[in-house]
Structures are given as structure tokens and as C-alpha cells.
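See structure below.
The values are calculated or read from the model by the stated rules, or taken from the named source; none is laboratory data. Worth saying up front: this structure is predicted, and the values here are computed from it rather than measured. Here the Cβ is made from the backbone with ideal geometry for all residues, glycine too, and neighbour counts use every protein chain on show.
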Amino acid sequence: MAEEVPGARIHHEEENLESLYRDVIFEHYRRPHNKGPMRDAQIVTKGNNPVCGDKVTIYGKLGADGKFTDVGFDGIGCAICMASSSMMTEAIKGKPLAEAEEIADHFKKMMRNEAPFLAPANMPDIEALSGVRNFSVRVKCATLAWTTLRNGILQYKAEREGQAAPDTKKEQP
Ligand code: ZN
């Protein structure tokens, strides 16, 4: 993003939108949804973003119907990482495994500007992360939880197929 020019007039609508986004992100940061260690989760995966120092653990519980009955996270990180993790848990809860993978992939594509930005209907707050795309070093902060979830799903599927998770499939955030 361009440096702010002193005295430059910022369009009021843009200013309001930016502060709204900031409020949404900080609200999730201050009061994260589904944060804390989860017992008896089938999916437990760690991820980290060394550039920023973000570290997350993603937890997932799956019902007999293959849908996520619970999704949670724990960890430490910047406001963007923690807010995105919080939003991810809400977006994925209740979704079948395959759909969860699609949602995670789509989120990462949006953040990399490879797909139009469209927040899931069940978690409209995700819209607030759209501005992060303008700061390339922070994109990984936003995608960490989603990449970690994706790795957890791959690992879970591989284990169920009775084979070890191939490391080559493991994606970096
Ligand atoms: Zn970060």
C-alpha cells in the first residue's frame, strides 16, 4: 500500500470501511470464537508462520456423518492471525470434510487475489480480511489457520486410508 501523504484527503467512505474492518478484526482478536485446547479431537494440527511469529493449533471433531461437529484453535499470534483463526472455526463448523477443504482452498485463493473476494454466508466477518490482501507480508497471517486446517484434513484422510501422511503434500502457509 502507498505511503500516506500528509494532508492527503482520504475519501470518507473508504475511511469508514477501513475502520469498520479494523473493528471487526479486533473484536475477533479480543474475543476469539472457539479458542482453547480441545479434548478428543480427531484432527489436531500445528502450523506456524515464522515471518510474523504466529503459531496455531487447529482442532476438529467429526461426527459419524463426516461433518465437523466442532472446530477450534489455540495459539499465539498477531491480530490478523487470531481473528482469521476465529473466523475460520465458525466458517467450517457444521461442514462436511470435502466442503471444508473447498472453503479453505477458496479462502486462500481469495487472499492471494486468485479468486474474487466473497465471504461465506455463515461468516460474513471474513469480508474484513479483504484489506489484508494489500499487505503481502500479512497474507500468511490470515491464511495460517486455513492452511493448517487443510493439512489436518489431509493427515486425517491419510490416516483413515491406513497410510502415513505424505510430507510432500504438506503445504506451507
Ligand atoms: Zn501475523
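For the reader, a short list of remarks on this structure follows.
- Residues within region 126-166 that are more than 16 Å from the ligand (Cβ to nearest atom), part of a helix (DSSP H, G or I) and under 23 Å from Lys61 (Cα atoms), tallied: 13
- Output for region 46-66, where each listed residue is in contact (Cβ under 8 Å) with a residue 24 or more places away in the chain, surrounded by 23 or more Cβ atoms within 10 Å (Cβ to Cβ) and touching a strand residue (DSSP E or B) at 6+ places or on another chain (Cβ under 6 Å): Gly47, Val56, Ile58, Gly60
- Answer from Phe73, Phe117 - the residue that is over 22 Å from Tyr156 (Cβ atoms), surrounded by 14 or more Cβ atoms within 10 Å (Cβ to Cβ) and among the aromatic types (Phe, Trp, Tyr): Phe117
- A search for C-beta distances below 6 Å between a residue of region 67-89 that is at pLDDT 95 or above and more than 16 Å from the ligand (Cβ to nearest atom) and any residue that is basic (Lys, Arg) and outside any strand (DSSP E or B), counting only pairs 6+ apart in sequence or on different chains, returns Phe68/Lys93; Phe68/Lys95; Val71/Lys93.
- Pairs are defined by a Cβ separation below 9 Å, a sequence spacing of at least 6 or placement on different chains, a first member in region 145-173 that is surrounded by fewer than 17 Cβ atoms within 10 Å (Cβ to Cβ), and a second member that is at pLDDT below 90 and outside any helix (DSSP H, G or I); the pairs so defined are Lys157/Ala165; Ala158/Ala164; Ala158/Ala165; Ala158/Pro166; Glu159/Ala165.
- Residues in region 48-66 that are within 16 Å of the ligand (Cβ to nearest atom) and part of a loop (DSSP other than H, G, I, E, B): Pro50, Val51, Cys52, Gly53.
- Of residues in region 96-114 being among the small types (Gly, Ala, Ser) and crowded, with 19+ Cβ neighbours inside 10 Å, the one nearest to Ala64 (Cα to Cα): Ala100
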